[in-house]
1. Loop-only check: which chymotrypsin sites (Phe, Trp or Tyr not before Pro) in region A:100-133 are DSSP coil with at most 12 other Cβ within 10 angstrom?
2. Any chance you could get the radius of gyration and Dmax over the Cα atoms of region B:199-249, in Å?
3. Could you name the lysines whose alpha carbon sits less than 19 Å from that of B:Lys10, not counting residues in the same chain fewer than 8 places away?
4. Each residue of region A:178-185 in order: what ³J(HN,Hα) in whole Hz does its phi give by Karplus 6.51 cos²θ - 1.76 cosθ + 1.60, θ = phi - 60°, with x for Gly and Pro?
5. Assuming R0 = 45 Å, can you tell me the calculated FRET efficiency for the pair B:Glu333 and B:Glu185, based on Cβ-Cβ distance, to the nearest 0.05?
6. Treating only the Cβ of Lys, Arg, Asp and Glu as charged (+1, +1, -1, -1), what charge dipole size does the protein assembly as shown show about its Cα centre? Round to the nearest 20 debye.
7. Which value does Rg/Rh take for region A:172-232 over its C-alpha atoms, Rh per Kirkwood?
8. Under a GNM of chain A (C-alpha, springs under 10 Å), which listed residue has the highest mean-square fluctuation: A:Ile56, A:Ile139, A:Ile234?
Amino acid sequence: MESSQQRARAHSENPIVRYLLIGSALLFLAFFLVTPLLTVFIEAFDKGWDAYRAAIVEPDALSSIYLSLMAVAIAVPVNTLFGVAAAWSITKFDFIGKNILVTLVDIPFAVSPIISGLIFVLMFGAQGWIGPWLAEHDIRIIFAVPGIILATMFVTVPFVARELIPHMQAQGREEEEAALVLGATGLQTFFRVTLPNIRWSLMYGIILCTARAMGEFGAVAVVSGHIRGQTNTIPLHVEILYNEYNFVGAFAVASLLTLMAIVTLALKKIVEWKISE
Amino acid sequence: MSIDIKSVSKTFGTFEALKNVSLSVGDAELVALLGPSGSGKTTLLRIIAGLDTPDTGSILLNGDDATNRGAGDRGVGFVFQHYALFRHMTVMENVAFGLRVQPKSIRKSKADIRDRVMTLLKLVQLDWVAQRYPAQLSGGQRQRIALARALAVEPKVLLLDEPFGALDARVRRELRTWLRRLHDEINVSCVFVTHDQEEALEVSDRVAILDSGRIEQVGTPQNVYDNPANPFVYSFLGNVNLFHGRVKEGKATVGDFEVDTPEYRNASDSPAVGYSRPHELELSRERSGNDSLSAVILQIQAVGPNVKLRLKRTESEDILEAEITREKLRELELKTGESVFVKPRLVRVFIADPSETPLNYQI
């Protein structure tokens, strides 16, 4: 009782400081987040609904949306599988090189996206290690769809694994061990014990991974070659339109990404709430 | 089912958890592995279960080598210290788990599984929580559900890792007697790990006392309590008073008194330690012979049937603990700060070489 009163007093001691802090935080948010967000939609609808709609259903825009969705459809499942496997082996087993694996998972976070893209150019490009062999067999990776998918996969590697590792570490191995002693096979243990326990963390990781895969610019820009209607993802298409002074088009397509971000944020909030439950 | 542990060793990195441990557990016997933390008792239990593999040595179940058999194929039930209940499953689903994951060829029908689970829940007196989740149960209830889950697959051996470690004192005592009754009812071999000597001595048929990866002594509770093999076992199984002294040609001089130690008759003046339990110290107002020590009473704790006293020896500043009956306290009219004479009725002398066998000496 006494301590709660003291705490209340400590809070109310200087209201000016309190309002100043809250006020500056809100001002900062308004200036750096809310205003740009609103600008996207204001600019997108500058010439009305029809212009907005035309900018989105235009073939090049549709092709960029299609390509982005395809990158997501491949990169997210692959990284989910990898993330679960990595988190499972890191948290449930002891092996040599475990710490190295933990560090390796983080590499895409540590290096600049441009470098991530360049890695693939240096490997598969015309002057790259296996570029000439690929050219001989008429396989195109750089400046083509496979390169974009590879680059997207690379930058989104850590999301699922990073989300699962701390959660699975906190849970320990006892439930899995209990299942094994009770006669469950490895697969039964995974699907009946491990997976139900991590499902919300896994969802969270997948949401973050999807958002990043949709919005990735740097790495994809390096390997894409910016061929309109062929190797442009949504972010790259926005950049081209903007450089051509087609502001309505650029902001209309950008508004799609913004909407997706807002949906992601809402989903993330729901999942966070589920986890805390 | 009998368990034979044959010269098992295990190291984790540079830490030697078990050093050449051998132990046999008879059919339907209840054995306690007792030792301080880090003594290797949990590792030994996990090796029996197949959750860890020994570096050397073997595990025989019913005479068959099971060292390379997986945990699920050993017919053992394991109860974890922190229960390890599946948190996303109800109590019912938890207990049914072992039956539901069986291969289709031997799996029971849904109705049979249900019946079996309800029988087990009745056995642990918790059939009314079947639809709850583990988070909605108390610690004692979770422990009993963990036990029911382990029993569901009809194990031949039940292994329990500090089964009552995380419970409060009253629930512990209740579950302890309950486990003993249950063991006598279902008749499986049981091995349980504990660091609580009272628990080990009260529940088990035999106790194995471990220290730093070795088994120091195995025997019935009474046997190990009355005839500790070495100073470690002695001090681990209850409070003790130490008297430092020396042994020379069959006579030990510990403190102010002398004890005959014929088995050390060849010892040529070696350091030795005498041990006496608190209830083996006799208090008196008058000095009786040359064997008494004088001491000052620091504290009298008169809770329970016996009275515990903390005493300080006048010559050496050593602290002694004595335990006397209430009648004795009334008779002597002892008060804090007064002087008394202490005479150990029984001292066990261990020479500084641990390989020597100790004996008891009546003074």
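1. When the chymotrypsin sites (Phe, Trp or Tyr not before Pro) of region A:100-133 are filtered for loop state and at most 12 Cβ neighbours within 10 Å, A:Trp129 remain.
2. Cα only, region B:199-249: 12.5, 42 Å (Rg, Dmax).
3. B:Lys19, B:Lys41
4. 4, 4, 5, 5, 6, x, 6, 7
5. E(calc), rounded to 0.05, equals 0.35.
6. Value, rounded to 20: 1420 debye.
7. 1.34
8. A:Ile139
Any read-out appearing in this document is the output of simple, stated calculations on the displayed coordinates, not a laboratory observation. Please read all numbers here as calculations on a predicted model, not as lab measurements. Neighbour counts run over all protein chains shown; Cβ positions are idealised from the backbone, glycine included.
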